[in-house]
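Asks: Take a look at the following structure, please.
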Amino acid sequence: MRLRPFPKPASARLRTRAGALALIGALALPAAAAPGRVVSINLCTDQLAMMLAAPGQLVSVTHLARDPAASVMAEAAKAWPTNRGRAEEVYLMHPDLVLAGRFTAQPTVAMLRRLGIPVEVFEPATSFADMQTDITRMGQVLGREAEAAQMTRTFAARLAQIRAATLPGPRPLAATWSAQGYMSGHKSLAGEILTTAGFDTLAARMGRDRGSTLPLEALVMAAPDLVVTGRIEKGSSRAEEPLTHPAFRALTGNHAALEDRDWICGLPSVLDATERLEDMK
């Protein structure tokens with residue numbers, strides 16, 4: 001006697017058919033189209049988008065992207081129209097996507113979203129790991145995943161080479177010190193650049209994970225082997241006067257006036273700064 005399979009309840013048959021139809025429908029759906037018109041209103045997203053966007057995809061960057069004191073891609077940025085991050089001017093560019101930073105003017109971001117324009121907000125990178133996350137995310141929002149993956153692989157390989165070349169033994173002491181006596185925290189991008197270059201940081205020694213103010217007297221007493229400052233231009237503000245103080249100049253360690261633009265944004269160029277610091281040990 002041949003046994004017949006027990007028939008499925010009608011509800012089960014309907015669920016099976018619905019699941020199959022849903023799967024077929026999902027497979028038939030096209031992938032989300034990459035945005036065709038992208039506007040950046042943040043210096044850091046400017047530069048990352050310039051590196052990853054497809055030709056013609058990025059239609060505007062901020063005016064800061066052309067400033068050689070702030071941007072490592074100042075010359076390349078001349079190829080794009082600039083904006084000043086105002087909602088009205090961005091809206092008239094008819095973007096499919098706007099790229100912003102956490103500290104971009106929030107009223108602008110809020111207004112653009114109320115107008116129905118998608119805005120992707122990127123957090124400032126505080127570590128090399130954050131940088132790689134930002135690169136990956138930028139690739140995703142631009143539909144340039146393959147290019148982003150290649151960039152992260154190249155960055156990771158170069159970083160590994162720098163770390164492998166760091167010699168064991170005593171590590172010299174380094175500090176960042178800028179306008180108003182500001183010192184970057186140990187758990188910051190600047191802190192990781194210094195430690196990767198083979199230094200211990202004064203911030204770590206003092207237990208300061210985040211940025212804080214360090215009096216000139218405390219810096220002099222610590223006598224670091226290297227002090228990294230911003231560049232002092234003619235007509236600089238009073239906040240920068242401590243950087244020209246005789247006591248500061250009398251420090252016996254090295255003074256490195258590295259270009260601020262190398263430290264502002266989490267871009268692959270931070271490894272250039274890291275290698276320059278290695279040469280100062």
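The values are calculated or read from the model by the stated rules, or taken from the named source; none is laboratory data. Only a predicted model underlies this, so the values are computations on that prediction, with no experimental measurement involved. Positions of Cβ are generated from backbone atoms using ideal geometry, with glycine treated the same way; all protein chains shown enter the neighbour counts.
Asks: Does the range 95-110 contain at least one residue that is within 17 Å of PRO35 (Cα to Cα), touching a residue at least 40 places away in the same chain (Cβ under 8 Å), among the charged types (D, E, K, R) and surrounded by fewer than 19 Cβ atoms within 10 Å (Cβ to Cβ)?
Replies: First, the residues of the range 95-110 that are within 17 Å of PRO35 (Cα to Cα): 95-100.
In the following step, the residues that additionally are touching a residue at least 40 places away in the same chain (Cβ under 8 Å) were identified as 95-100.
Narrowing further to those that are among the charged types (D, E, K, R): 96.
Imposing the further condition that a residue be surrounded by fewer than 19 Cβ atoms within 10 Å (Cβ to Cβ) reduces the set to 96.
Yes, the conditions are met somewhere in the range 95-110.
Asks: Please verify whether the range 121-138 includes one or more residues that are farther than 22 Å from SER269 by Cβ and surrounded by fewer than 20 Cβ atoms within 10 Å (Cβ to Cβ). Give the derivation first.
Replies: First pass over the range 121-138, keeping only residues farther than 22 Å from SER269 by Cβ: 121.
Applying the additional criterion that residues be surrounded by fewer than 20 Cβ atoms within 10 Å (Cβ to Cβ) yields 121.
Yes, the range 121-138 contains at least one residue that is farther than 22 Å from SER269 by Cβ and surrounded by fewer than 20 Cβ atoms within 10 Å (Cβ to Cβ).
Asks: Does THR201 count as modelled with pLDDT of 95 or more and either assigned by TED's automatic domain parsing to the domain that holds SER269 or buried (at least 24 other Cβ atoms within 10 Å of the Cβ) (or both)?
Replies: Details: modelled with pLDDT of 95 or more: yes; either assigned by TED's automatic domain parsing to the domain that holds SER269 or buried (at least 24 other Cβ atoms within 10 Å of the Cβ) (or both): yes.
It is true that THR201 is modelled with pLDDT of 95 or more and either assigned by TED's automatic domain parsing to the domain that holds SER269 or buried (at least 24 other Cβ atoms within 10 Å of the Cβ) (or both).
Asks: Being over 19 Å from LEU277 (Cβ atoms), at pLDDT below 85 and out of contact with any Gly (no Cβ under 8 Å at 6 or more places or on another chain), is that true of even one residue in the range 170-188? I'd like the intermediate steps shown before the answer.
Replies: Applying the first criterion (over 19 Å from LEU277 (Cβ atoms)) to the range 170-188 yields 179-181.
Narrowing further to those that are at pLDDT below 85: 179-180.
In the following step, the residues that additionally are out of contact with any Gly (no Cβ under 8 Å at 6 or more places or on another chain) were identified as 180.
Yes, the range 170-188 contains a residue that is over 19 Å from LEU277 (Cβ atoms), at pLDDT below 85 and out of contact with any Gly (no Cβ under 8 Å at 6 or more places or on another chain).
Asks: List every residue pair whose Cβ atoms sit under 9 Å apart, with the two residues 6 or more apart in sequence or on different chains, where the first one lies in the range 268-281 and is assigned to a loop (DSSP other than H, G, I, E, B) and the second, anywhere, is surrounded by fewer than 20 Cβ atoms within 10 Å (Cβ to Cβ) and of a type in the set (Val, Ile, Thr).
Replies: PRO268/THR154
Asks: Please indicate, with yes or no, whether at least one residue in the range 149-167 is within 21 Å of SER60 (Cα to Cα) and of a type outside the set (Phe, Trp, Tyr). Walk me through it before giving the result.
Replies: Applying the first criterion (within 21 Å of SER60 (Cα to Cα)) to the range 149-167 yields none.
Checked the range 149-167: no residue is within 21 Å of SER60 (Cα to Cα) and of a type outside the set (Phe, Trp, Tyr).
Asks: Give the residues of the range 139-173 that are more than 18 Å from PRO215 (Cβ to Cβ), buried (at least 18 other Cβ atoms within 10 Å of the Cβ) and hydrophobic (A, V, I, L, M, F, W, C), sorted by residue number.
Replies: Within the range 139-173, VAL141, LEU142, ALA148, MET151, PHE155, LEU159 qualify.
Asks: Quickly run through the range 163-181 and pick out the residues that are of a type in the set (Gly, Ala, Ser) and without any contact (Cβ under 8 Å) to a residue 12 or more places away in the chain. So that I can check it myself, show each step before the final result.
Replies: Step one: list which residues in the range 163-181 are of a type in the set (Gly, Ala, Ser), which gives 164-165, 169, 174-175, 178-179, 181.
Listed by number, the residues that qualify are ALA164, GLY169.
Asks: Hey, another quick one. Can you say whether ALA164 is under 23 Å from the mean Cα position of the chain (by Cα) and farther than 19 Å from ASP262 by Cβ, as far as the supplied structure shows?
Replies: Working: under 23 Å from the mean Cα position of the chain (by Cα): no; farther than 19 Å from ASP262 by Cβ: yes.
Judged against the criteria, ALA164 is not a match.
Asks: Of everything in the range 177-206, what is under 25 Å from the mean Cα position of the chain (by Cα) and part of a loop (DSSP other than H, G, I, E, B)? Give them in sequence order. Outline the logic, then answer.
Replies: At the first step, the residues of the range 177-206 found to be under 25 Å from the mean Cα position of the chain (by Cα) are 177-204.
Once the filter is applied, which keeps residues that are under 25 Å from the mean Cα position of the chain (by Cα) and part of a loop (DSSP other than H, G, I, E, B), the range 177-206 yields TRP177, SER184, GLY185, HIS186, LYS187, SER188, ALA197, GLY198, PHE199.
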